[in-house]
Amino acid sequence: MSIKTSPLPLKERLRKELANPVMRTAIANAQDLLNAKRDAAFAELGDFAKWRETAGAIRSHVLENLDFYLSRFAERAAAAGAHVYFAGDAAAATAYGLQILRDKKAAKAVKSKSMVTEEIGLNRLLEEAGLEVVETDLGEYLLQIDDLDKPSHIVVPALHKDRERFREVLAAKKGYTGDSVPENLTRFVRQLIRKDFLEADVGITGCNFAVAETGTVTLVTNEGNGRFVTTAPKIQLVFMGMERLVPTFAELDIIFSVLARSAVGAKLTSYMSLITGPRGPQDADGPEELHIIIVDNGRSRVLASEFREVLRCIRCGTCMLECPAYRHISGHGYGTLYPGPLGLALVPVLAGYEDYGEITKICSLCGACSQVCPVEVPLYEFIFEHRRIIAEEQRLGAGENFLMGLYGAVIGNSKLYGMATRLARFSALAPRAGPLAQWTAARELPAIPKTRFRDWFAARGKKGNLP
Amino acid sequence: MSPRVSFFATCLADTVFPHIAADAVRLLEKLGCRVTFNPRQTCCGQPLANAGFHAEAAAAIRLQLEVLLTDPTDYVVCPSGSCVLQIKEYPKFFKNRPDLQDKARQLGDKTYELTDFIVNVLGRTVPGARLDGRAAYHPSCHLTRLLGVTKPPLALLEQVAGLELVDFKGQDKCCGFGGTFAVKLGALSSAMAVEKVENIRAAGAHYLIGADAGCLMNLQGIIRRKRYPITVLHIAQVLMAD
C-alpha cells in the first residue's frame, strides 16, 4: 500500500461508500461511542484547553528544533546499541528493511499496527520478496485476511466492519465456526497467531513517539500484541515518521495523556512499551538486534511549508471521529491512507496537489476538527488555505473556474448583482443539470419570490408588505 | 439615543428569503434601532472564498467593505452567523494592503450577528413573541464554533411564549450545507442533512429553527422532499411571530 488506497475517482468512491449501510452504521456508532468516552475522559482530567495548549506547544517546539532532536535521538539510540537509519523516501526505507531480512535469511515477520509501514508499502514488498508477514493487531489482521482490505481509520483500522462481518471473514478464510461475540472472535485469532509469534524471525513495529534524551522508542497498544512483537523475535525493525519525537519523558507523559484520551477515551492504553536498545545481558527478553528506520518520505517538504504545524499530529484520529463528513464515507471515501480532516490538511502537502488536492473538497468547513484536536493543529485553516492554493494554481476544472469567475464578477458589482437577482426568480425554468442537479437529487429547491428584500425595503411606507 | 444600524441582508435572504431579512429589520426597529440598508451591498463573498477563489472574491469583499462603512452608523447587523464570520475574516484578504486591512478590522469590529447583537449589545429581551409547539434549534457551525455565539439564540428562544425547545441527537453536528460543498459533493452533503433531519423528526419537533438561512435552506430541502410536517423558520421570524 501507499498513501493512495483506491483507484476510483472521488465521486465514485463517495457513491460506493454512501451505498454501504453496514459501514455507515458501524462508523456512526463508533463515533458516538468514542466521542462520548473522549469527552468524559477529558472532563475528568479537567482543563482541556490548557492540556492541548501545552501538548501543542511541545509538538511545535520539537518541529522548530527537529534537526537537534533527531540527531540527539540517533546518537542516544546508537549508544544504547540500536542501529539507526535515515530513509529519505519510501523506497530507501523498504530497501533497508528488506536487506536486513535477507541478510538474516528471515522467513516470517510479525507486525504490530503501524501507519508509516502502510505509507511506505512495506508488506507488499516483503511478500513479493517471499517473506510471510503477519499483522497481529486484531483489526489489521482482519483486513489482511480479508483480501487486503484497507484501513478506514488510523487508530481503529477496521472501524468500518461490524462483528458480524468479522465473523464472516474469519469463517471464510480461517474456518471459524463460532459466534460473533467479540471475546470468542478474539480468542480464536489469539490461538492462530500465537504460533506466528513464536515462529517469527523478525518483529516489525511503528513508533508512537521516540524520546530524544534516552534514545527510547515507544509503543502504545491495547491488545498486548505490540509487546509480543517486541519481545519474542530476535530481530526488531522499528519504522518511525521523522517528526515523531519528544525531548524527554516529561513531555512524553503529557503527549500520552492526551493521546490515549483522544484516541479511545482512556486514561492510558493497556500496554505501553518503552524500548531502549536491544536486549542487554540482564534482560529476560527483547530482540538481539534493533533497527530504527527514521522515515522522511515527504515530511521535510511539509516542514518547509506553511503547513508545518500539521506535523504536530500525534495520530490520535479524533478529528476523524468528530468529522461529520467522515461519518458517512469512512476513511475509504478519501482514498488516502490518512483520511478525515488530518488527511485533508496533511496529504496534499505530503504527497502533492496533483494527486491529492481534490480530497480537500470533502469538507463543509464546520470547524469541529480544530476544536477537538489535542495538539491544536489548525485543521480548518489549513483546509481553507489548501483550497486557496488549489484554485490559484488553476487545478480546478474549467467549468468551475468559469462559474466562480462569473459569480465573482456579479457580486463584485452592485448593478450586475441587481440585474442577476432580478432574473433569479426565473430559476425554476433552469435545467436541472450541473450544480442544480447535485442539489435536487435529494433536496427541494426553494421557490424564489418575485420581490427581493431590497425591493421591499425601498418601497416601505409606499406599498407596505411583502407579498 | 437609539442605536444606528446598517443592515447587511446577505444575498441569500435578499433574493430567496426576503421574509427573513424583513423580519430581522422589523425586529431591530421594534427594539429601538434606526435601521438603514445600503442598496449597493451584494454578497460577503464567502461561497467563493471557501471554495478557494480568493482572487475572484476580492471585488465583492472590497465592495462590501466600502458600502458597509459608508453610512454613519454605530453597528452593522446581519441575520447570518456565517456571513458575519466572513466579514470578520476580511483582514485576512488584505495581507499586503495595511490601509485596507485597517478598514477591514474596523468593519469587523462593528459587525454583529443578529442574536448576538440583541443579547450582548442591546442587552434586550424580545417581549411579545409567541409560537405554539415543539421546536428543534440547529446551532449552525460558523455561528457557534467559529464566532462563539452559543447562548444568545437560545436565550431569545426561551422567551418565546408557547415554544418548547427539544434537544435532539447530533444537535451540534454540521447540517452538510457548507456553501458550494452542497453542490460539489451533493450526495455526501445530502447524507449529512438527511441524518440531521431524521434526528429532528425523531425528537418530535414541529418547528426547526436556526439563525443561518443557508443551513435552513439545506435542511428544508430535505424536509420538503420527504414531506415531513416540520416548519422551518429563521429565528428572526420566530421572534416576530405573535
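The values are calculated or read from the model by the stated rules, or taken from the named source; none is laboratory data. Just so we're clear, the structure is a prediction, and the values are computed from it rather than from any experiment. Cβ atoms come from the backbone with ideal geometry, glycine included; neighbour counts cover every protein chain shown.
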Restricting to region A:303-313, give me the number of residues that are within 17 Å of A:LEU259 (Cβ to Cβ) and over 10 Å from the mean Cα position of the chain (by Cα). 3
Quick test for you: out of A:LEU445, A:LEU403, A:LEU423, pick the one residue that is free of Cβ contacts under 8 Å to residues at least 24 places away in the same chain and part of a helix (DSSP H, G or I). A:LEU423
Which one of these is in contact with a helix residue (DSSP H, G or I) (Cβ under 9 Å, 6 or more places away or on another chain), buried (at least 21 other Cβ atoms within 10 Å of the Cβ) and not hydroxyl-bearing (Ser, Thr, Tyr): A:ILE411, A:ILE390? A:ILE411
Could you list, ordered by first residue, the pairs with Cβ atoms under 6 Å in which the first is in region B:29-48 and at pLDDT below 95 and the second is not in a helix (DSSP H, G or I), at least 6 apart or interchain? none
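Which of the strands (runs of 3 or more DSSP E) contained wholly in region A:215-321 include at least 1 residues that are more than 23 Å from A:ALA74 (Cα to Cα) and either of a type in the set (A, V, I, L, M, F, W, C) or touching a residue at least 40 places away in the same chain (Cβ under 8 Å) (or both)?
Working: elements: A:216-221, A:235-241, A:271-275, A:289-295.
Strands (runs of 3 or more DSSP E) meeting the threshold: A:216-221, A:271-275.
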Do we have any residue at all in region B:211-229 that's away from chain A (no Cβ under 14 Å), in contact (Cβ under 8 Å) with a residue 60 or more places away in the chain and either crowded, with 18+ Cβ neighbours inside 10 Å or out of contact with any Gly (no Cβ under 7 Å at 6 or more places or on another chain) (or both)? yes
Identify, please: which residue in region B:1-15 is assigned to a loop (DSSP other than H, G, I, E, B) and either free of Cβ contacts under 8 Å to residues at least 60 places away in the same chain or touching a helix residue (DSSP H, G or I) at 6+ places or on another chain (Cβ under 7 Å) (or both) and is, among those, farthest from the other protein chains (Cβ to nearest Cβ)? B:MET1
Looking only at region A:85-131, how many residues end up being within 26 Å of the chain's Cα centre (by Cα) and in contact (Cβ under 8 Å) with a residue 60 or more places away in the chain? 25
Identify, by number, the condition in (1) touching a Pro at 6+ places or on another chain (Cβ under 6 Å); (2) crowded, with 21+ Cβ neighbours inside 10 Å that B:GLN101 doesn't meet. (2)
For region A:174-206, which positions are more than 27 Å from the chain's Cα centre (by Cα) and hydroxyl-bearing (Ser, Thr, Tyr)? A:TYR176, A:THR177, A:SER180
Name the pairs whose Cβ atoms lie under 9 Å apart, with the first residue in region A:157-180 and small (Gly, Ala, Ser), the second part of a loop (DSSP other than H, G, I, E, B), and 6 or more positions between them or separate chains? A:ALA158/A:ASP146; A:ALA158/A:ASP149; A:ALA158/A:PRO151; A:ALA158/A:SER152; A:ALA171/A:THR177; A:ALA171/A:GLY178; A:ALA172/A:ASP146; A:SER180/A:ASP162
Scanning for something exposed (fewer than 15 other Cβ atoms within 10 Å of the Cβ) and at pLDDT below 95, does region B:128-137 turn up at least one residue? yes
Evaluate the following for A:GLU381: is it of a type in the set (D, E, K, R), within 9 Å of chain B (Cβ to nearest Cβ) and either surrounded by fewer than 20 Cβ atoms within 10 Å (Cβ to Cβ) or not in a loop (DSSP other than H, G, I, E, B) (or both)? no
Evaluate region B:24-37: report whether one residue or more is within 7 Å of chain A (Cβ to nearest Cβ), in a loop (DSSP other than H, G, I, E, B) and either surrounded by fewer than 23 Cβ atoms within 10 Å (Cβ to Cβ) or polar (S, T, N, Q) (or both). yes
Selected residue (criterion: farthest from B:PHE93 (Cα to Cα)) from residues of region A:384-400 that are outside any helix (DSSP H, G or I) and more than 8 Å from chain B (Cβ to nearest Cβ): A:GLY397
Among the residues of region A:137-170, how many are of a type in the set (Asp, Glu), outside any helix (DSSP H, G or I) and out of contact with any helix residue (DSSP H, G or I) (no Cβ under 7 Å at 6 or more places or on another chain)? 1
